[in-house]
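Presented below is the structure to which this report refers.
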Amino acid sequence: MDSIGYLDVKFTESLYESLVISKENSMDAIEIQNLTKFYGSVRGVENLSLNIKKGEIVGFVGKNGAGKSTTIRLLLNFIFPTDGQMKIFGMDSVKETKKIKEITAYLPGEINYYSNMRVKELLDYAETFLPERDNDYKEKLLSYFELNPERKISELSLGNKKKVGIIVCLLKKAKLIILDEPTSGLDPLMQKKFFHKLLKERDRGATIFLSSHNLSDVEQYCDRVEIIKDGTIVKSLSQSHIRQERKLRVTYKEKGRAQISYIMNKDINVLIKELANKNLESLELKYQSIEEELEKYYKGDK
């Protein structure tokens with residue numbers, strides 16, 4: 001092959017690689033279209049559609065039985081859909097589940113490990129499923145989550161068992177991290193540390209999809225929140241939407257009078273001047289939250 005022909009081949013290969021990389025970068029991490037799952041006559045999810053971009057932290061919220069865990073199990077191919085399509089990084093979640101599991105880490109809502117093993121032994125065992133070990137990273141995770149590696153699993157509290165699951169999940173350094181109720185059992189300070197760690201994982205390039213009842217932290221740390229009811233998405237809220245659309249609730253009580261509460265639709269400086277002339281016993285100014293947004297859709301439900 002002459003030099004010109006060689007350069008043509010190299011240019012073609014380089015162009016092809018660039019197109020492949022460009023396609024991968026533009027691809028959503030998770031694509032769900034009209035996902036439906038029935039357990040006999042019982043609805044799991046129905047006509048659920050959801051897209052999650054690469055590098056996002058997305059919170060998945062709703063009441064128990066809304067379909068959060070069912071959606072996660074379907075994505076991971078633990079159960080099979082009745083209808084609909086699911087793709088993870090462009091791969092079919094049913095047909096290409098083996099490839100998907102190689103790049104995905106999962107934390108289930110309920111943690112059950114070998115009770116007689118020590119934490120260290122369990123983590124060593126978990127590492128045998130990884131392509132390579134990173135002892136320094138494992139030690140950093142143990143220190144960060146304040147977990148004693150010498151303790152037996154049977155001796156751990158619910159919160160410390162959850163920490164073991166979180167560490168096992170993070171050891172993989174996966175492209176996609178799926179978490180089902182990851183903060184249940186964790187104390188409030190550890191919940192904050194956990195979400196700060198998720199932010200670092202996002203900075204690393206990971207995409208994170210988590211279901212949670214911890215609505216205040218979901219609101220604070222997630223890029224987007226998806227509300228599910230009766231097996232389908234009823235509202236999608238981005239952080240920019242939350243910041244722009246949230247309204248201030250004013251609640252106050254004057255001495256000898258009933259408490260008053262309303263949503264403010266005036267300049268806050270005008271409000272302060274009005275309140276200054278009142279004989280206040282108590283005052284609360286609070287922005288509407290994801291919890292209140294959730295309550296809109298579940299109002300009237302038992």
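What follows is calculated from the coordinates using simple rules that are stated; it is not laboratory data. Since we're looking at a predicted model, the values are computed, not measured. Don't worry about glycine lacking a Cβ; one is built from the backbone with ideal geometry, like all the others, and counts go over all protein chains shown.
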Report summary line: What helix-only [θ] at 222 nm does the chain give? Using -39500 (n - 2.57) per DSSP H run of at least 4, over all residues, to the nearest 500, the answer is -12000 deg cm²/dmol
Query raised in the report: Using a simple charge model, +1 on the beta-carbon of Lys and Arg, -1 on the beta-carbon of Asp and Glu, nothing else, what dipole does the chain show about its Cα centre, in debye to the nearest 20?
Result: 960 debye
Query raised in the report: Rg to Rh for region 246-298: what is it, with Cα atoms only and Rh by Kirkwood?
Result: 1.04
Query raised in the report: Scanning the chain for helices, which whole DSSP H stretches are 30 Å or more long along the axis (Cα) and average 1.0 or more by Kyte-Doolittle?
Result: none
**Report entry** Förster radius 30 Å - calculated FRET efficiency between Glu291 and Asn47, Cβ distance, rounded to 0.05
**Finding:** 0.70
Report task. Please go through the residue pairs Lys54/Lys286; Lys172/Lys247; Lys193/Lys266; Lys53/Lys197; Lys235/Lys255 and name each one whose alpha carbons sit more than 31 Å apart in this structure. Result -> Lys54/Lys286; Lys172/Lys247; Lys193/Lys266; Lys235/Lys255
Report task. Please report the Cα spread of region 161-302 along all three principal axes, rounded to whole Å, starting with the longest. Result -> 60, 32, 29
Report summary line: Quick note on Ser240, Ser49, ordering by fewest other C-beta atoms within 10 Å, gives Ser240, Ser49
Query raised in the report: Near Lys161, which aspartates and glutamates are there with a Cα under 19 Å away, not counting those fewer than 8 places off in the same chain?
Result: Glu110, Glu121, Asp124, Glu127, Glu139, Glu146, Glu150, Asp180, Glu181, Asp187
Query - Label-to-label distance, nm, for residues given as Tyr137 and Ser154 (7 Å Cα→Cβ offset) - result: 3.3 nm
Query raised in the report: Once amide H atoms are placed 1.01 Å from N in the peptide plane, what residues at a sequence separation of 5 or more from Ser49, or on another chain, have their amide H within under 5 Å of its amide H?
Result: Asn34, Leu35, Ile233
Query raised in the report: Anyone know which of Ser238, Ser41, Ser184 comes out most mobile in the 10 Å Cα GNM of the chain?
Result: Ser41
Requested in this report: Compute the FRET efficiency between Ile272 and Glu96 as 1/(1 + (r/R0)^6), taking r as their Cβ-Cβ distance and R0 = 45 Å, and round to the nearest 0.05.
Outcome: 0.15
Query raised in the report: Can you list the residues, at least 5 places off or on another chain, whose amide H is less than 5 Å from the amide H of Asp134, using H built in the peptide plane?
Result: none
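Could you put Thr36, Thr104, Thr128 in order, starting from the residue whose Cβ has the fewest other Cβ atoms within 10 Å? Please report the intermediate quantities before stating the final value.
On the way: Thr36 17, Thr104 22, Thr128 7.
Least crowded to most crowded, the residues run Thr128, Thr36, Thr104.
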**Report entry** Charge context of Lys163, other residues only, Cβ under 15 angstrom, K/R +1, D/E -1
**Finding:** +4
Report task. Enumerate the aspartates and glutamates that Lys37 could reach by cross-link, defined here as Cα to Cα under 17 Å, with residues fewer than 8 away along the same chain left out. Result -> Glu46, Asp83, Asp92, Asp230
Query raised in the report: What FRET efficiency comes out for the pair Asn279/Ser216, r = Cβ-Cβ distance, R0 = 25 Å, nearest 0.05?
Result: 0.20
